[in-house]
Amino acid sequence: MADTKTPLTRSQFLGLMALTFAIFLIANDFTAFSVALPAMEKEFHSDITTTQWIINGYALVFGVLIISGGRLADMFGRRRMFFLGTFIFCVFSLLGGLAVDISMLLVSRALMGIGAAMIWPAVLGMTYQIMPDDRAGLAGGLIMTVCGIANAIGPLLGGTLTDYLSWRWIFFINLPIAALALFVCWKEIPDERPENNNERIDYRGVASLSLSLFGLLLALDMVVDVGFKSPLIIGLLSGFLILMAIFLHVEKRAGMNALIPEDVASNRKFFAAGLATLLLSVVFFAALLYIPQFLTKIRDYSAMRAGAGLLPMMVTFGLMSFISGHLYEKLGAKIIVSAGAICLGGGMYLLSHLTKDTQYSSLIFGMVVLGAGIGLFYSTITTAAITVVHPSRASLAGAILYMFQIAGGAIGLGMNTTIVAMAPDIATGIDRAFTVNAYLALAGLIVCLLYVGGERGKPDPKPIQ
C-alpha cells in the first residue's frame, strides 16, 4: 500500500532539525560530564563527594522545575519559553566553562538546570505542534531516537574533549549548538499565543519540594564527614520530613493549580509508575557516575577511553529503547517494565563484584544487561504512566514522571556517594553501592509486578480545566 500520510513541508522539516539539536543539547548534557569528573577533581583539588554535585545539582534543579517549565510554556507560549530557557542555559554554560573555582562551577551547573527545565517541555510541545496529526508517532520516535543517540555519544564526546582540549569545552560546545537551534527555530516555527492565560504557578509547592529534596541531599553529602548522629544531619533530615509534609499540605490546598494536581496525585497506577521510576533511576545514574570513576581511578583509563568504555551499556540502551516500542503493543507494559527491572538489578549485581584487579572485559556483560534494562524500562514506563491518566493530562504526566526520574537519580547519587566515600577504597565502595542498587531494583520490580499497568484509565466525568 502507498503511504497516504501527510508529507512534511520544508518548514516542518527544518523546524524538526532545530528541535533535534535542542533535544541533543539536553540529552547529551546529562551523560557527557560523567567521565570528566576526575579531571575536575584534579584541577580544583576536590573530591567525589563535592564534584558529584556537578551532575546531582543540575539534575535536581532540572527535575524539580520541569513541571513549572511546562506550565510556563502553556501560559506564555512554547517558542518564547524555548528562547528564554536556551538563553539561560547558554549564559551559565559559558560561566561554567570559565569557572575559576569549584563553587563557581557548581553554581553555574545548577543554574543551567533552570534553562533546561524551560527548554525540555517547550521542545516536546513544539515537536508535536509542528507535526501533522497523522505523524504524531514520528514525533515520539524522533525524540526517543535522538535521546538515545545523545546519551550514547555524551560520555565519548565528553571524554574526547577532556583529553584533547579541556573539560571546559563540554560547556563551550553547548553555545554553537544552541545558537543554530535558536536561529532555525526563530525562522521556521511560528510563535503561538495561548488563548487561555489563567493558569497560575504553584510557587509554594515548587519551593517546599525543592527545599525538602535539597535538605535530604545535603544530609547525604555531609554525613561522610560528620556522621549520622550529628545534630546537623538530624536537623537536615528532620527538615526534609517537615518540608515534605508542608509540600503535601500545600498541594492539597492548591487544587487544580497544584504542582501535582489531585487527579494525577490520587491515581494509584500513575503513582506506582513514579515510584518504580524513582527506585530504578538510582541504578542508571550510579552506573553513569561510577563505571567511569572505576575505569579512570583504578584501571588508569583516560577520560576518552572511560567514555568509550560505557558504549556497551549506552548502545544496548538505544537499541532496546527502539525495540521496546514494538514490544509494547504485543506484550503490554507490565511484562516489559518488569523485564527491564530484572535486567537493571541483574546488571548491577553482575557489576558489583569489583576489586582493584577487575579487568574491563569482565564488565562488558554486566553493562550490556544493564543497558537492556534501561532501554526496556524507561521508554515503556513513560507510555504506561501517560496511558493511566486522563488524556488531557498526558503532557503533564510525562513531565511529572521525568521529575521522578531526575529526583530519584539525584537522591541515588547522594546515597551512592556516601557509601563509596565511607568504604576503605573506591573499588570496595563501588562494590557495596552497586549491591545496594541491585536490591533497590528488586524493590522496583515488586512495584512493577504488583501495580504498574498500561491501559488507559476512564476519562473523568468532568473535563479538566
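The values are calculated or read from the model by the stated rules, or taken from the named source; none is laboratory data. Nothing here was measured: the structure is a model prediction, and the numbers come from that model. Note: ideal-geometry Cβ built from the backbone for every residue, glycine included; neighbour counts use all protein chains shown. Each accessible area value is taken on the protein alone, full model and side chains, heavy atoms only, with ligands, DNA and RNA left out. Shrake-Rupley method; radii C 1.70, N 1.55, O 1.52, S 1.80 Å.
On the Cα set of the stretch 32-118, report Rg and Dmax in Å, please.
Looking at the stretch 32-118, its Cα Rg and Dmax stand at 14.1, 45 Å.
Rounded to the nearest 0.05, what FRET efficiency do T435 and K187 give with R0 = 56 Å and r taken as the Cβ-Cβ distance? Could you check?
Approximately 0.60, to the nearest 0.05.
Ignoring ligands, DNA and RNA, please state the percent of accessible area on the stretch 59-120 from carbon and sulfur, probe 1.4 Å.
79 percent
Can you figure out the FRET efficiency of D357 with S230, using R₀ = 41 Å and their beta-carbon distance, to the nearest 0.05?
Rounded to the nearest 0.05, the efficiency is 0.70.
Keeping the other protein chains in place, figure out the carbon and sulfur percent of the accessible area of the stretch 220-372, with a 1.4 Å probe.
Roughly 69 percent, rounded to a whole number.
Restricted to Cα positions, what overall size does the stretch 233-305 have along the principal axes? Three whole-Å values, descending.
Principal-axis extents of the stretch 233-305 (Cα, largest first): 54, 33, 18 Å.
Give the accessible surface of the stretch 76-121 per residue, rounded to a whole number of Å², with probe radius 1.4 Å and ligands, DNA and RNA excluded.
36 Å²
Starting from the amide H of V388, placed 1.01 Å from N in the peptide plane, find each other amide H under 5 Å away whose residue is 5 or more places distant or on another chain.
It is G457, by chain and number.
For a Förster distance of 25 Å, can you work out the FRET efficiency between the beta-carbons of M104 and D300, rounded to the nearest 0.05?
For R0 = 25 Å, the calculated efficiency reads 0.25.
Over the stretch 221-304, with the other protein chains present, what is the accessible area per residue in square angstrom, probe 1.4 angstrom?
Counting only protein heavy atoms, the per-residue value for the stretch 221-304 is 47 Å².
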